[in-house]
Amino acid sequence: MAPFGKRLRRYHHSRGHGPLRLHPAAVVGICLGAAVLITLIVGNLLNMFLDDDTYWKLTAGEETETADLPTQQSAVRDVNAYPYLLGSSLDGIIGQSSASVRLNRTDGSLLYTSDVASYYGIAGNGEVALSESVADLGAFVPYVSGVFYSHAFDAATSDLRYAETAKESAILREFLNAGGSEVLILGLPLEAERTDEVISYLKTVRLAAGRSPIGVAIPREVAAREENWELLARLWETCDFLALDLSAETVDGSDLDDAGISENAAALLEDCRYLLSAYDMRLLFSETQTALISTAVTQMRRDFQILGNEP
């Protein structure tokens, strides 16, 4: 007689039974459980060995850039800079975080007197001393932006333009050394054929300015021309910041409501949205553009500067 164990094996074989089989649902459950366990283990290991930023990128993915985010990001601080005339009463500017100070008139004459002005024989306001006026302002307003109208390119020859560039660099350097925080330059010839000259001028001024920011105001009509994309790109690479100059724009502010919003002004600002975003531009208004200023303030625009009236 065959042993009992052998008979049992033959019995099972004869009945057609193989190894113990699990129900398909049980197999799926085991696989899911294993996947969850592996995910938890890997996640914990990533969290232990990777920094927070890398871990977030791996687990959540990169954030999608939206139209509201600038494609370029200026390193210069955002300002809400209100106009102030050197030598005038400080009552109207106290409490503001930034001031916008005109350094000269559109004809080039300075609105103060200084050692550099005297050295070059530049006409100015003899009743206002630069150093004392900027120091008095700086005691109440922490950030002072100087607005300067360049006339270096009015000179007839390249040698004379070079000499004028050196003079203007000295003027701006003196203002910054007196306590100015930055300079915004207006009046540059922003035509494609003069781009190299403008870039050379800006490099000279930036060298004189040291670590202080230098910006360029670009009229909206210039910035909006499709063919000027290279000009904007080169200015961005050379300067510390760019300002979209709306000071010459005419806006019907008769629709200004009680909340401080003008739909006409809001429409203009919306039209500028791409330029502001793409180059992280600062808005530049004229003091007389009350509807634009009110709308920008009510909309809590983060970066704007107001150009004071010429005295």
Those residues of the stretch 117-132 which are closer than 16 Å to Glu182 by Cα and open to solvent by 10 Å² or more (accessible area, probe 1.4 Å) amount to Ser131
Considering the stretch 113-124 alone, what residues qualify as being in contact with a helix residue (DSSP H, G or I) (Cβ under 6 Å, 6 or more places away or on another chain) and in a loop (DSSP other than H, G, I, E, B)? Ser114, Gly124
Could you list, ordered by first residue, the pairs with Cβ atoms under 6 Å in which the first is in the stretch 148-162 and within 25 Å of Gln305 (Cβ to Cβ) and the second is surrounded by fewer than 12 Cβ atoms within 10 Å (Cβ to Cβ) and polar (S, T, N, Q), at least 6 apart or interchain? Tyr149/Thr106
Only one of Ser294, Ser277 is over 20 Å from the mean Cα position of the chain (by Cα) and among the polar types (S, T, N, Q). Can you tell me which? Ser294
Single match in Val76, Val116 (criterion: touching a strand residue (DSSP E or B) at 6+ places or on another chain (Cβ under 8 Å) and at pLDDT 60 or above): Val76
Condition first: modelled with pLDDT of 95 or more, open to solvent by 40 Å² or more (accessible area, probe 1.4 Å) and part of a helix (DSSP H, G or I). Can you find one or more residues in the stretch 91-112 that meet it? no
Going by what's in this entry, would Arg302 be described as in contact (Cβ under 8 Å) with a residue 24 or more places away in the chain, under 10 Å from Asn80 (Cα atoms), open to solvent by less than 10 Å² (accessible area, probe 1.4 Å) and not small (Gly, Ala, Ser)? no
Read through the list (1) among the hydrophobic types (A, V, I, L, M, F, W, C); (2) surrounded by fewer than 18 Cβ atoms within 10 Å (Cβ to Cβ); (3) within 24 Å of Gly308 (Cα to Cα), then give the number of the only condition that Leu246 fails. (2)
Return a yes/no flag: does the stretch 110-132 have any residue that is polar (S, T, N, Q) and within 28 Å of Asp78 (Cα to Cα). yes
Out of everything in the stretch 175-193 that is more than 21 Å from the chain's Cα centre (by Cα) and acidic (Asp, Glu), what residue ends up being surrounded by the fewest Cβ atoms within 10 Å (Cβ to Cβ)? Glu193
What is the one condition in (1) in a loop (DSSP other than H, G, I, E, B); (2) of a type outside the set (Lys, Arg); (3) at pLDDT 95 or above that Ser145 does not satisfy? (1)
So, Arg161, is that one in a helix (DSSP H, G or I) and more than 30 Å from Thr295 (Cβ to Cβ) or not? yes
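The values are calculated or read from the model by the stated rules, or taken from the named source; none is laboratory data. If you're wondering where the values come from, they're calculated on a predicted model, not measured in any experiment. Every residue, glycine among them, receives a Cβ derived from its backbone with ideal geometry; neighbour counts consider all protein chains shown. Keep in mind that these areas ignore ligands, DNA and RNA; they rest on the heavy atoms of the full protein, side chains included. Shrake-Rupley method; radii C 1.70, N 1.55, O 1.52, S 1.80 Å.
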